[in-house]
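Working notes for the structure below.
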Amino acid sequence: MDKEQHVAGGVAAGFITLAVAMGIGRFLYTPLLPLMLTEYGMRPDQAGFLASLNYVGYLVGAFSAGPLCHRFGELRVLAAGLFLSCLTTATTGLLTQFPAVCGSRLLAGNASALAFVAVSGLVLMLIARAGKENLAGLYYGGVGAGIVATGLAAPPVAQFAGAAGTWVVFGGVSALLSLVVIFLLRRQEGPRHDQAAAPKRPLPRDPRYLRLVIAYGLEGFGYIITGTFMVAAAKATVGAAGAQIAWVAAGCAAFPSAFLWSQAARKWGRLKPLVAAFLIQATGIVLPALVGGAPAVVAGALLFGATFMGIVTLALSEGASYAPAARARVVGFMTGIYGIGQIAGPSLAGYVAARTGSYQLALACAAATVVAAGLLISGDAFGRKNPQR
């Protein structure tokens, strides 16, 4: 029973961490963006630049998290990431001049990656020791829960406190939730890191792994355009209320998606569902641009929400299967490549939106990129040599 409680506590801690560091620290930006454009006096291209800065920080954090965990341990790195996430969430509202917001979003991205990689190492190790790897999909649901929370709570808070005050409020909420995470994980020990006895293992060189990494990077580019500008794009066509509904719908779909996609992987292997998820997501991204109207916006949000965390779960699990003894390095490397895609996406989309006065072309580019990711690994997914991958 004690072992089961440790596993449940670890999964719960992972869930809350992703809600704080990703759902709030990263995605609170999306529902607040339309108000920030007015209140902070920003242009769409500046908004895209801010989002890209966030992912520059994420990239740095992703590549540095592995070595930091190796030296200081996962729990310390996780605590640092959560502290930085809470601090930068609050300072995005306390310091509203554009250069200061740039610094806050840059550090917020770094915090998200540190927390994500560190808690993934702890939780994946915990459930692997208990022989309950199927629970991995549950803790990834924290991202969806954070999106739902921001989508529901941010607009009413912003009515009274404005965008700046909403950032501060959520910074305080994040701090309280972070204390719960540390309490749940205080007795957990990460993998032992003995640099002399256990030198760094090389990353896989299998061509199938390299194709998977490239596809994951393309996904980072395509998904983040929608993840950043969904509410702003929806507001232009269905109004503020419709945009809020779409964002909450995306979060509700994301909440169970990682677990459901992991169940699909148990039946068909990971790559076939991964290809399906890419194509479904691309449909969700481009649907509002092609059809228009509130039903298309909400349907697109549901398809997007139902796939983006599923893709993370399937891709990282597949990547780790090529080097089980170097799981942390694989996750960190793939997260870094994903981050490169995320850096390019928002800036390009913001530039295109500023020049065309619409997000439609940017969303079409995002959808095409995600389709390309699916096509890249389709041969590995459906080839005769690897029927179960």
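What follows is calculated from the coordinates using simple rules that are stated; it is not laboratory data. Given the structure is predicted, the values throughout are model-derived calculations rather than measurements. Here the Cβ is made from the backbone with ideal geometry for all residues, glycine too, and neighbour counts use every protein chain on show.
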Taking the Cβ of PHE278 as the centre, find all other residues whose Cβ is under 14 Å away and add up their charges (Lys, Arg: +1; Asp, Glu: -1).
-> 0
Cα pair distances in segment 58-141, grouped into 5 Å bins until the bin that holds the longest one, percent each | 3, 16, 21, 19, 17, 12, 7, 4, 2, 1
In debye to the nearest 20, the charge dipole size for the chain, taken about the Cα centre with +1 at each Lys and Arg Cβ and -1 at each Asp and Glu Cβ, equals 960 debye
FRET efficiency, 1/(1 + (r/R0)^6) with R0 35 Å, evaluated for THR38 and PHE183 via beta carbons = 0.35
Could you estimate the translational diffusion coefficient of segment 236-356 from the Stokes-Einstein equation, with Rh from the Kirkwood formula over C-alpha pairs, at 25 °C and 0.890 mPa s, in whole µm²/s?
-> 155 µm²/s
To the nearest 20 debye, what is the magnitude of the charge dipole of segment 1-128 about its Cα centre, counting +1 on the Cβ of each Lys and Arg and -1 on the Cβ of each Asp and Glu?
-> 180 debye
Helical contribution to [θ] at 222 nm, DSSP H n ≥ 4, -39,500 (n - 2.57), averaged over the chain, rounded to 500 | -29000 deg cm²/dmol
Restricted to pairs 8 or more residues apart or on different chains, the lysines in the chain with C-alpha atoms under 24 Å apart form a number of pairs equal to 5
Virtual spin-label span in nm between LEU152 and ALA8, 7 Å along Cα→Cβ | 2.3 nm
Segment 356-364 - phi-based ³J(HN,Hα) in whole Hz, Karplus 6.51/-1.76/1.60, Gly and Pro as x | 9, x, 8, 9, 5, 5, 4, 5, 5
May I ask for the Kirkwood hydrodynamic radius of segment 41-188, worked out over all distinct Cα pairs and given in angstroms to one decimal?
-> 16.3 Å
Any idea how far the Cα center of segment 227-251 sits from the one of segment 100-117, in Å?
-> 24 Å
Mean Cβ-within-10 Å packing, highest first, puts peptides 253-259, 11-17 in the order 11-17, 253-259
Which option, (1) 55, 47, 35; (2) 74, 67, 35; (3) 59, 41, 32, is the value of Cα extents along the principal axes in Å that was calculated from these coordinates?
-> (1)
How big is the gap, in Å, between the Cα center of segment 1-74 and the Cα center of segment 269-316?
-> 21 Å
Diffing segment 104-117: the Karplus 3J(HN,Hα) column from phi (6.51, -1.76, 1.60, θ = phi - 60°), in whole Hz with x for Gly and Pro, holds 5, 6, 4, 5, 5, x, 4, 5, 4, 5, 4, 5, 4, 5
Ranked by how many other beta carbons lie within 10 Å on average, peptides 263-271, 151-159 from highest | 151-159, 263-271
